[in-house]
1. Roughly speaking, what is the stretch gain from residue B:208 to residue B:293, that is 0.36 nm per residue apart minus the C-alpha to C-alpha distance, in nm to one decimal?
2. Quick check on chain B: helices-only [θ] at 222 nm, where DSSP H runs of length 4 and up contribute -39,500 (n - 2.57) each and the sum goes over total residues. Nearest 500, please.
3. Determine the relative contact order of the stretch B:103-160: mean sequence separation of Cα pairs under 8 Å and six or more apart, normalised by residue count, in whole percent.
4. Please average, across the residues of A:278-288, the number of beta carbons from any other chain that are within 10 Å of each residue's own beta carbon, and give a whole number.
5. Need one value for B:37-43: mean number of C-beta atoms belonging to other chains within 10 Å of its residues' C-beta atoms.
6. I'd like to compare B:109-120, A:60-71, B:414-425: which one has the highest average count of other Cβ atoms within 10 Å, and what's the full order after that?
7. Quick one: grab Rg to one decimal and Dmax as a whole number for the stretch B:1-92, Cα atoms only, in Å.
8. What distance in nm separates the two pseudo spin-label positions at residue B:247 and residue B:105, each 7 Å out from Cα along the beta-carbon direction?
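Just so it is clear, none of the values below were taken in a lab; they were calculated from the coordinates. Keep in mind the model is a prediction, meaning the values are calculated, not measured. Neighbour counts run over all protein chains shown; Cβ positions are idealised from the backbone, glycine included.
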């Protein structure tokens, strides 16, 4: 038996063992599964076992882009307007103050940290710092598994939804601002025009696919049409050097609000969302490569800054909006889980030919996911149980 | 009509963004790939509306939008997503194995072997004779000696007898047919995969005794035996592990199916065993060794994962058909295809009588054996490399025969199921 074959067997057995073990851990300690896929990806990747070589990773680039588009569409599908307007406006105000404060605080701290740690000028590190700010604003939807009607659960859900949407929008528009120059006729396209194209792909794409899907009822056919739409929008964005997250987010939001098959679309999206999340984690693990910079300090700083920002911003938001009577002072602990969107933004940043510390940004997001996957749900559960 | 109009709008949109993007094949691949899925889906729907199989529509879309005609899906884009094609083949084989039931295999395998002996034997002889008769019109062998003509005909006939497990499974998944005709067709086609693989290897080895290889040569008999026996061993081990795993967990079975297809294909490649047979055995063992509720969930998970891959696989198969080459050799190919139909029909009748099989499954079985796809293409590529001087003509002829059977096979199989009363006509 060749060494490569032995290695493949080891990886397969490691996957199965890890999965069974995590099944038990998830039941026993309420740890969200996911970290094993990230670790498996790292194990398979070019910097560990090398089963997935650099060439294989490059070949997989279109699939990684697709996983990003799918993530965007899944977030977009959470924005069903008739349901959203039933949520009291104070929840939106609280969420907006929370994610804006987190975004600004983390961006500022990381800007200073990058400039100091890597001896860059501020203008050079604006892009990675704001990207990490956007990643920090995103929150995993840990509260979605609760069905009880309680202000804390509604607030956590609202914050997770809005935070993720804000993170996707901020990052995608940021890429439009720093887009490489593309000449059309005698001049280059402006940032506003790139932003218009980015939004246009999503809105026009969403509308066309609403018409395309029509009254289709059969789930298999609906799935193929939806997958085609997301693949096409992801591909168009990647081809134009834009992030697929925002266009696909808009496709998801358009479809869920206009289609008569909303329930079936949401059900299908939910059934694929988790495997797609795991695939994203696998890709992310394999895609990871150690930075040539001294990355440990910025990564640890990011995790601490985000935690502090989330806790502080949540408290500030509750006080400033006047919802402190409904929410406890430490409701921000329910927002600590990082989730898919943060990792997707980091991956999109690295895939988009980013030249400034892409591996540091990616490693920071990955560590944050690893840590929050281990403790996020448990902390959120404790909070919800205490409040109930 | 509405969908076709939207497709035109999308085509127009692609033309607008084309000058604004980068020319890297990787980034272009996803764009064209997404378009191909929607185009294939639309043409598939149109095909369904006129009572043709959707698979036919998928392939037609591949031909129309592929490099042979509109070139929206370029050769570079096809190459870029070739790994997806590999995964599709692995998934299709895994699903095929998962659909097989031990009871049916145990009870019917001797009957299947009898049918295949008659059908494949007669088709091989028929194709061989036709190719020899047509050889004066085939440029590369027109003035060749008898040995070269014999070798050419033996190899091409070995490609002509192949069937398509992918097309069979694709139609069964599309129509949800599960009656006796569907089960018999699936059983015969899957058994033929091993049968024909052995036949092809024997022929590829045998022709080199007549005329020594001037190219890569074919693998030795020992290696071939390992490819078959090793595939069963490797597939059984992986399937056993999966069956054991399924006893304890039913989480993320769709993802598990994808991972098994990926890893199984890689293990088969590394062990130099036949990939299709490995994944087929994996699916079979996983779903039959320790059957449980989780096994059914696993089968549904793999089915769900494989559905979009059918669209991709057949659309890409259509896009890969070299239309210009097929046109240039049509006069030689049509008689071969006609003889193949006749011999499959006759051989199947003899075979079913020998196996004491009666009723609609026996009567319409021949229609399910017409389709050809991946297996035959693989054989053609290997055969063309044995004699490089015959290779280009051999490849063109073989691909043209496969293309015709690939297009019309699914239509006939769907008709067979309708005639057997297992689907709506």
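1. 25.5 nm
2. On the way: 18 runs with 331 residues, N = 425.
After summing the helix terms and dividing by residue count, I get -26500 deg cm²/dmol.
3. Values: 25 pairs, mean separation 21.0, N = 58.
In percent, rounded to a whole number, it is 36.
4. If you average over the peptide's residues, the count of other-chain Cβ atoms is 1.
5. What the average comes to for B:37-43 is 4.
6. Going by the mean number of other Cβ atoms within 10 Å, highest first, we get A:60-71, B:109-120, B:414-425.
7. Over the stretch B:1-92's Cα set, Rg and Dmax evaluate to 13.7, 41 Å.
8. Calculated label separation equals 1.9 nm.
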